[in-house]
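S.K.: Below: one structure in structure tokens.
The values are calculated or read from the model by the stated rules, or taken from the named source; none is laboratory data. Owing to the predicted nature of the structure, the values given are computational and were not obtained by experimental measurement. With ideal geometry, Cβ positions are generated from the backbone for all residues, glycine too; neighbour counts draw on all protein chains shown.
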Amino acid sequence: MNIHEYQAKALLRQYGAPVSDGRVVLTANEAKSAAGELDGPLWVVKAQIHAGGRGKGSFKEAEAGEKGGVRLAKSVQEAADEAKKMLGKTLVTHQTGPAGKQVNRVYIEDGSDIEKEFYLALLVDRGSSRISFVCSTEGGMDIEEVAASTPDKILSFDVDPAIGYQPYHGRRVAFALGLTGGAVKQCVKLMSILYKAFTEKDMEMLEINPLILMPNGDLKVLDAKLGFDGNAMYRNQDVAGLRDETEEDPKELAASKYDLNYIALDGEIGCMVNGAGLAMATMDIIKLYGAEPANFLDVGGGATKEKVTEAFKIITSDPNVKGILVNIFGGIMRCDVIAEGVVAAVKDVGLKVPLVVRLEGTNVEKGKEIINSSGLDVIAADDLKDGAQKIVKAVKG
Amino acid sequence: MLEHLIDPAAPQVPVMVQGATGRAARQHIKLMLRHGTNIVAGISPKAGGEVQDGVPIFATCADAVAATGARVTLPMVPPMSVLPAAREALEAGVRLIVTVTEGMPVRDAMHLHALIREHGAEWTGASSPGLAVPGRCKLGFLPDACLAPGPIALWSKSGTLSYETALRLKSRGLGQSAWIGVGGDAIKGTRFADLVPLFRDHAPTRAVVIVGEIGGTEEEDLAARLSQEPLGKPVYAILAGSAAPEGKTMGHAGAIVSGGKGTFESKAEALQSAGVHVFRAIPPLVDRVAQDLQKETA
């Protein structure tokens, strides 16, 4: 789960990390008083969306102005004007896709003088099964580009969870960034703060780009991007409360309420599958036979009739869907339960596109019988290949 | 302990199940017993002293290990209880933990990984669909309909996709010498590459079939290991997720392409350069495996 920059900064501030003073505003009316509460003489006005590349992005609407999603202002009035221009408008960045994202929240914060910019991240390293620190002197840049062009400018190392964070970890970061004097001490403290926040809040990713050194020798967190482990949300209710549902695809949101794993895609063939690996393989084979999947959907191991009905409703609510392929391998799940769900859903929602059903495994005969005796116009398939060929043919002719 | 488990000449390993009195656990214990698994104990703090389906239930892992000599545990407990359950089992002297629970928090998995190393024990999971030596034992969910003794070692990240693969191979008369579900999480106890030395001299195995998917570098790491220490048997792989978009977690916690890493292309290229036959779909893989093994037999 991701949160907004202003939420990330507030959370890191609670742990004692140095961040600028700022205010979030949801309406243009609040902008002026919010900016007025800050000291100046420089204000930074930042669009809050769950996507990177905001500064280099551009707005679809002309009224928003030609600048990107991060703007500087030299007066309270100017800050308020820029906030007003961005609110409600659509920001397109390299991470949002061409549709862009509507800006519903704007963060106004005190501007900072920058001497140097650094990159810093903590992440879960899959190879070592440990938390890893990544830092670079090339702050403000895309770290993947740095990794590709000048990998020697990146330092990364992992921390043994049995020992935990030690001051020498912080010194390694400080020396790699070329810090001296008081800044080394600040860095050691900041790294301990970030490691503590990362572990206590079950983060999967913490990225500070840039971390800055100011002319007065102090460090500051200028931007912050945090990602959290969804499986640990039960013990981080404060973080769960930061979820902004307006940032999520409405179909994915609806699916998550029924514990269905759904991801919207751009194709024309809706899929309903049990198991994530099989769901991916179903998408792959649809593509192999010349069509594109409209979604990834894993109904899970414990699907009920109700869940299957909801899954069906979500798939058919996508106007791009020209056909549906149901592919079930009943290992733990029983085929007859799926069949009942499909029949109930079709009767409830109605069927306007071709539907191919392929069942295999536990109670498969019973499942097929339920489908066949339902009187519905369902195309039966023997295996995955057959199912994929039939649905692609039904849609593409 | 994994090596012992897949050795057809070794005596059956004594297994215990934590959370044995839960509804799903009870159902799967019956299935595992039916498949020949040597389940010697169940653990339930509330049901110590009882007997369930012929299996004695103990209140603690220490009691169970002392009374039965259990060496392997299968914690069938909710995600938040996997780490404490594993910790109790390790303290009691268990040598292999197979975790089938989906949704284990990443921080817990990293802790367990460190604990396992500290104890010199082994862990398969998180989110493993299970392990099996067909006709001998199975641990976890692997459906009986897919299991049959045979020449194929199946190593899989996924549950249902490996069921499908196993069933297709079985329909061509190709069962399994062993089936190891390593699981689809980002943090795990046993990775594909760790299995290489276990199967090099595994006599019942004539070929290895990998059921992999996008995300992480496990397939690439396997390829690197195979290049250095060839298995001496043909290796085939199906890789799921070639049609998946970047930046989205495809159901399995570990199945995500991000920052250009973990792609189908990178995995396919690495495996192919290590001599592995790579497929995007099951039917051509099954055809090829069947063809090659028949040729070898003839």
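S.K.: What number of residues within segment A:351-369 are more than 14 Å from chain B (Cβ to nearest Cβ) and either touching a residue at least 60 places away in the same chain (Cβ under 8 Å) or under 33 Å from the mean Cα position of the chain (by Cα) (or both)?
M.R.: Counting residues in segment A:351-369 that are more than 14 Å from chain B (Cβ to nearest Cβ) and either touching a residue at least 60 places away in the same chain (Cβ under 8 Å) or under 33 Å from the mean Cα position of the chain (by Cα) (or both) gives 7.
S.K.: While we're looking at this one, here's another question. Take segment B:1-36 and flag every residue that is closer than 20 Å to B:Phe199 by Cβ and touching a Lys or Arg at 6+ places or on another chain (Cβ under 6 Å).
M.R.: Selection gives B:Met1, B:Val13.
S.K.: Same structure, new question: Are there any pairs, at least 6 apart or on different chains, whose C-beta atoms fall under 8 Å, with the first in segment A:380-397 and away from chain B (no Cβ under 14 Å) and the second part of a helix (DSSP H, G or I) and of a type outside the set (Gly, Ala, Ser), and if so, which?
M.R.: A:Ala380/A:Lys368; A:Ala380/A:Ile371; A:Ala380/A:Asn372; A:Ile391/A:Ile286
S.K.: If you check A:Ala254, A:Ala281, which single one turns out to be in a helix (DSSP H, G or I), in contact with a helix residue (DSSP H, G or I) (Cβ under 7 Å, 6 or more places away or on another chain), more than 12 Å from chain B (Cβ to nearest Cβ) and not hydroxyl-bearing (Ser, Thr, Tyr)?
M.R.: A:Ala254
S.K.: Take the residues in segment B:24-81 that are among the polar types (S, T, N, Q) and over 25 Å from the mean Cα position of the chain (by Cα), then tell me which one is farthest from B:Lys138 (Cα to Cα).
M.R.: Among those residues, the one meeting the criterion is B:Thr60.
S.K.: Pick out the one residue from A:Asn327, A:Asn320, A:Asn372 that is surrounded by fewer than 16 Cβ atoms within 10 Å (Cβ to Cβ), within 30 Å of the chain's Cα centre (by Cα) and among the polar types (S, T, N, Q).
M.R.: A:Asn320
S.K.: OK, next. How many residues, within segment A:257-278, are outside any strand (DSSP E or B) and either more than 9 Å from chain B (Cβ to nearest Cβ) or within 20 Å of B:Gly212 (Cβ to Cβ) (or both)?
M.R.: Qualifying residue count for the region: 10.
S.K.: Counting residues that are more than 14 Å from chain A (Cβ to nearest Cβ), which strands (runs of 3 or more DSSP E) fully inside segment B:28-142 reach at least 3?
M.R.: Strands (runs of 3 or more DSSP E) meeting the threshold: B:39-43, B:55-58, B:72-75, B:96-98.
S.K.: Those residues that are part of a loop (DSSP other than H, G, I, E, B), within 14 Å of chain A (Cβ to nearest Cβ) and buried (at least 21 other Cβ atoms within 10 Å of the Cβ), I need them from segment B:166-210; list them, please.
M.R.: Scanning segment B:166-210 gives B:Val182, B:Gly183, B:Gly184, B:Asp185, B:Ala186, B:Ile187, B:Lys188, B:Gly189, B:Thr190, B:Arg191.
S.K.: Only one residue in B:Ala243, B:Ala268 is closer than 30 Å to A:His94 by Cβ, at pLDDT below 95 and either in contact with a strand residue (DSSP E or B) (Cβ under 9 Å, 6 or more places away or on another chain) or assigned to a strand (DSSP E or B) (or both). Which one?
M.R.: Residue meeting the stated conditions: B:Ala243.
S.K.: Related question: Exactly one condition in (1) of a type outside the set (Val, Ile, Thr); (2) at pLDDT below 95; (3) not in a helix (DSSP H, G or I) is not met by B:Glu296; state its number.
M.R.: (3)
S.K.: Right, something else. Please list, ordered by first then second residue, the pairs with beta carbon atoms under 7 Å, 6 or more apart or interchain, first in segment A:248-263 and touching a residue at least 40 places away in the same chain (Cβ under 8 Å), second of a type in the set (Ser, Thr, Tyr) and crowded, with 18+ Cβ neighbours inside 10 Å.
M.R.: A:Lys251/A:Tyr262; A:Ala255/A:Tyr262
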